[in-house]
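Undergrad: Mind having a look at this structure? Questions to follow.
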Amino acid sequence: MKEHNGIEDRAALSPKFTFNPKEGIDNPALVICDDLELPISLKPRICVLTKKDNEVFGFHLRAEKGRPGHIIRHVEPGSCAQYAGLSDADRVLEVNGEYVDNIEHFKVVEKIRLSGSKITFLVIDGAAYEDAKMKNLNIAELIQSDIQTLCGKPRLCYVEKGPNGFGFEFSSKGAKAPFTLSIQSEGPAEKSGVQSNDKLIEINGVNVEDCTYLQVKKEIKETGDSVTLLVTDQKTDAYYRDKGIRIVPAMACFKHLPFKPRKLYLVKGSCGYGFLLKTEKTTSGTYGQYLREVDAGSPAEKCGMKEGDHLLAVNRDNIEGLQHDIVVRKIRESGNQTTFTVISSEGEKYFTSLGLSPLICMEDDDVEEQMELKETAERCLSPQQARPPLCCPTAQQATGPKPRLCHLVKGSSGYGFQIYSITDEPGIYIQEVVPEDVGYKAGIRDGDMVIEVNGINIEKVSYEDVLLKIKEKKSEVTLLVMNKKEYWHCKDNDIPISRESASEDNKTCKTGSTEKGLQH
């Protein structure tokens with residue numbers, strides 16, 4: 001597929017996976033299972049998505065103004081998506097067994113991005129979907145989307161061989177799968193999270209549900225001193241089988257794995273952070289950003305950075321697949337403090353073998369993270385330097401993150417940013433802020449959500465009307481903006497957002513710019 005320039009979500013699992021709100025997501029569908037027992041007008045289809053490192057999936061996922069749902073578009077002729085039967089205008093209802101029709105498009109994008117090379121979709125014909133919406137039918141109830149209440153999660157379990165082997169045996173009623181596991185009490189398998197009567201789904205990232213007993217035995221014998229099993233209890237297995245959903249690693253609980261991403265909280269010293277960022281080839285053959293030449297005694301070393309760590313995210317923003325200069329800019333925009341999410345070289349190889357992004361197993365616990373951030377920052381600073389870290393609120397900040405009130409005076413060629421809308425609601429986002437130009441100097445950043453234009457709230461205003469409001473005053477505009485994740489944090493916690501609570505770091509800028517686009 002052709003690669004498109006992204007807006008905020010252009011970072012991908014690999015450079016082959018691109019996202020643009022105008023174009024969508026390039027994703028596959030390989031296996032279509034039997035229809036569920038539903039009225040003929042509402043027949044969802046199960047699609048198991050699988051790709052290899054050098055393959056693309058063959059369609060886009062889009063959110064379109066005035067049309068509900070997550071929409072399949074641009075199914076490429078001859079692609080695995082076309083072969084599987086995906087059609088233009090199909091709607092995605094579930095991703096990896098999770099109902100997504102009622103969540104924001106960018107969150108669905110992230111779920112797909114982090115699922116790696118294997119994803120399970122539940123899709124429905126576009127005409128049937130729109131008809132159900134017009135009739136105000138509860139689609140979630142009609143498709144019985146009750147996975148979270150009826151069953152648990154599959155488990156990825158890393159088992160190291162002991163003196164008596166791995167501590168498990170497998171059996172089946174016939175010569176082929178499904179295989180049931182029996183485990184040795186207090187053996188390696190039990191200690192690694194495997195339970196008696198678990199169903200075996202995958203071995204080291206290879207699905208064995210269609211394998212014979214001898215093939216599985218050979219796979220385990222050749223695995224060496226460790227093996228990673230994807231397993232599930234019988235209740236969960238029965239639930240997925242009844243719905244026709246194939247279990248994939250992205251559905252699993254990851255707490256039993258030996259490698260996990262690490263959060264590094266860096267506070268810049270007098271000589272900087274003390275490391276170099278280099279672009280290198282990853283184990284999957286793509287390119288990524290690696291941390292090298294960590295100086296002894298530097299802030300980078302003190303916060304736990306290791307030589308060869310692979311950088312996955314900057315301040316929670318996924319940077320996988322982004323170009324080097326964009327990542328550098330993100331780090332510089334953080335000021336004197338920044339947060340990295342990294343994985344060791346061994347961990348990178350491990351997750352690549354499973355076909356997963358390491359970021360999928362990160363737990364997003366804000367309270368625990370803020371406590372860890374505070375403790376780490378205090379260790380990195382001398383007593384004279386010590387101050388509350390960027391992401392740890394002070395008493396004055398206890399009410400939550402603050403929006404930014406930005407006053408822009410148009411330069412010779414514009415304001416220096418574009419706007420776009422992912423969905424019809426909840427609003428408008430900023431993209432392609434020109435570095436060191438009008439918008440940038442006023443405090444505008446890529447991915448910001450626009451809350452007000454010239455004192456008028458536009459959270460539920462259409463894209464066209466917002467564009468007119470920005471152009472209303474020919475030479476200047478005042479925007480109330482907020483980082484997207486901070487915005488949703490406030491909304492989820494009922495924290496008011498207003499210009500009265502805005503940051504006082506307001507600036508007026510008159511340098512040149514390009515008003516390129518301001519378009520969807």
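The values are calculated or read from the model by the stated rules, or taken from the named source; none is laboratory data. None of the values given here were measured: they were computed from a predicted structure. Because the Cβ atoms are built from the backbone with ideal geometry, glycine has one as well, and the counts that use them run over all protein chains shown.
Undergrad: For the condition at pLDDT below 90, part of a helix (DSSP H, G or I) and farther than 29 Å from residue 204 by Cβ, what is the one hit in 322, 373?
TA: Answer to the selection: 373.
Undergrad: Now, a different point. Given the options 225, 210, name the one that is in the same structural domain as residue 247 (by TED's automatic domain parsing), in contact with a strand residue (DSSP E or B) (Cβ under 8 Å, 6 or more places away or on another chain), surrounded by fewer than 20 Cβ atoms within 10 Å (Cβ to Cβ) and under 21 Å from residue 116 (Cβ atoms).
TA: 210
Undergrad: Pairs please, first residue from the stretch 212-231 and outside any loop (DSSP other than H, G, I, E, B), second anywhere and modelled with pLDDT of 90 or more and of a type in the set (D, E, K, R), Cβ atoms under 6 Å, 6+ apart in sequence or on different chains.
TA: 226/160; 230/202; 231/155; 231/198
Undergrad: Residue by residue through the stretch 262-301, note down the ones that are of a type outside the set (D, E, K, R), free of Cβ contacts under 8 Å to residues at least 24 places away in the same chain and farther than 19 Å from residue 329 by Cα.
TA: Matches in the stretch 262-301: 270, 294, 296, 297.
Undergrad: Against the conditions (1) of a type in the set (Asp, Glu); (2) at pLDDT 90 or above; (3) surrounded by 15 or more Cβ atoms within 10 Å (Cβ to Cβ), where does residue 237 fall short? Just the number, please.
TA: If we test residue 237 against (1) of a type in the set (Asp, Glu); (2) at pLDDT 90 or above; (3) surrounded by 15 or more Cβ atoms within 10 Å (Cβ to Cβ), just (2) comes out false.
Undergrad: Also, I was wondering about something else. How many residues, within the stretch 439-454, are in contact with a Cys (Cβ under 6 Å, 6 or more places away or on another chain) and of a type in the set (A, V, I, L, M, F, W, C)?
TA: Residues in the stretch 439-454 being in contact with a Cys (Cβ under 6 Å, 6 or more places away or on another chain) and of a type in the set (A, V, I, L, M, F, W, C): 2 in total.
Undergrad: Among the residues of the stretch 159-167, is any among the basic types (Lys, Arg), under 22 Å from residue 246 (Cβ atoms) and modelled with pLDDT of 90 or more?
TA: No; the residues of the stretch 159-167 include none that is among the basic types (Lys, Arg), under 22 Å from residue 246 (Cβ atoms) and modelled with pLDDT of 90 or more.
Undergrad: Would you pick out the residues in the stretch 206-232 that are closer than 21 Å to residue 255 by Cα and more than 27 Å from the chain's Cα centre (by Cα)?
TA: Residues satisfying the conditions are 225, 226.
Undergrad: Take residue 321 and tell me if it is of a type outside the set (D, E, K, R) and buried (at least 20 other Cβ atoms within 10 Å of the Cβ).
TA: It is true that residue 321 is of a type outside the set (D, E, K, R) and buried (at least 20 other Cβ atoms within 10 Å of the Cβ).
Per-residue answers, yes or no, for (1) surrounded by 15 or more Cβ atoms within 10 Å (Cβ to Cβ); (2) modelled with pLDDT of 85 or more; (3) part of a strand (DSSP E or B); (4) under 30 Å from the mean Cα position of the chain (by Cα):
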position: 401; (1), (2), (3), (4): yes, no, no, yes
position: 408; (1), (2), (3), (4): yes, yes, yes, no
position: 424; (1), (2), (3), (4): yes, no, no, yes
position: 435; (1), (2), (3), (4): no, no, no, yes
position: 450; (1), (2), (3), (4): yes, yes, yes, yes
position: 471; (1), (2), (3), (4): no, yes, no, no
position: 486; (1), (2), (3), (4): yes, no, no, yes
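Undergrad: On to the next question. Need pairs with beta-carbon distance below 6 Å; first residue closer than 30 Å to residue 463 by Cα and not assigned by TED's automatic domain parsing to the domain that holds residue 355 and within the stretch 43-67, second among the basic types (Lys, Arg) and modelled with pLDDT of 80 or more; sequence gap 6+ or separate chains.
TA: Close Cβ pairs satisfying both conditions: 60/73; 62/73.
Undergrad: State yes or no: is residue 96 in contact with a helix residue (DSSP H, G or I) (Cβ under 9 Å, 6 or more places away or on another chain), under 25 Å from residue 233 (Cβ atoms) and free of Cβ contacts under 8 Å to residues at least 40 places away in the same chain?
TA: no
Undergrad: Given the structure, is residue 356 outside any strand (DSSP E or B) and at pLDDT 50 or above?
TA: In short, yes.
Undergrad: In addition: Which condition from (1) surrounded by 14 or more Cβ atoms within 10 Å (Cβ to Cβ); (2) at pLDDT 90 or above; (3) under 22 Å from residue 158 (Cβ atoms); (4) of a type outside the set (Ser, Thr, Tyr) is the one that residue 346 breaks?
TA: Failing condition for residue 346: (1).
Undergrad: May I pose another question? Filter the stretch 31-42 for residues that are under 16 Å from residue 129 (Cα atoms) and either at pLDDT 80 or above or aliphatic (A, V, I, L, M) (or both) and give the result.
TA: Selection gives 36, 38, 40, 42.
Undergrad: Among the candidates 150, 122, 137, single out the residue that is at pLDDT below 90 and not assigned by TED's automatic domain parsing to the domain that holds residue 73.
TA: 150
Undergrad: Go through (1) at positive phi; (2) under 33 Å from the mean Cα position of the chain (by Cα) one by one and return the number of the condition residue 186 breaks.
TA: Going through the list (1) at positive phi; (2) under 33 Å from the mean Cα position of the chain (by Cα), residue 186 breaks only (2).
Undergrad: Please give the number of the condition residue 270 fails out of (1) touching a strand residue (DSSP E or B) at 6+ places or on another chain (Cβ under 6 Å); (2) not assigned by TED's automatic domain parsing to the domain that holds residue 193.
TA: (1)
Undergrad: Still on this structure, please answer the following. Within the stretch 189-207, restricting attention to residues that are modelled with pLDDT of 90 or more and among the aliphatic types (A, V, I, L, M), which residue is nearest to residue 246 (Cα to Cα)?
TA: The qualifying residue nearest to residue 246 (Cα to Cα) is 201.
Undergrad: Let me ask another. Considering only residues that are part of a strand (DSSP E or B), of a type in the set (A, V, I, L, M) and buried (at least 23 other Cβ atoms within 10 Å of the Cβ), which ones fall in the stretch 172-202?
TA: 200, 201
Undergrad: Okay, next question. If you scan the stretch 41-64, which residues turn out to be crowded, with 20+ Cβ neighbours inside 10 Å, of a type in the set (D, E, K, R) and not in a strand (DSSP E or B)?
TA: 51, the sole residue that qualifies.
Undergrad: Regarding residue 478, is this residue modelled with pLDDT of 85 or more and either hydroxyl-bearing (Ser, Thr, Tyr) or assigned to a loop (DSSP other than H, G, I, E, B) (or both)?
TA: Spelling it out, residue 478 is indeed modelled with pLDDT of 85 or more and either hydroxyl-bearing (Ser, Thr, Tyr) or assigned to a loop (DSSP other than H, G, I, E, B) (or both).
Undergrad: From the list 185, 196, which one is without any contact (Cβ under 8 Å) to a residue 60 or more places away in the chain and out of contact with any strand residue (DSSP E or B) (no Cβ under 8 Å at 6 or more places or on another chain)?
TA: 185
Undergrad: Here's something else I'd like to know. Looking at the stretch 224-245, can you tell me whether even one residue there is farther than 18 Å from residue 178 by Cβ, charged (D, E, K, R) and out of contact with any Leu (no Cβ under 6 Å at 6 or more places or on another chain)?
TA: Within the stretch 224-245 (the criterion being farther than 18 Å from residue 178 by Cβ, charged (D, E, K, R) and out of contact with any Leu (no Cβ under 6 Å at 6 or more places or on another chain)), the answer is yes, since at least one residue qualifies.
Undergrad: From the list 19, 57, which residue is within 18 Å of the chain's Cα centre (by Cα), at pLDDT 50 or above and hydrophobic (A, V, I, L, M, F, W, C)?
TA: After ruling out the rest, the residue left standing is 57.
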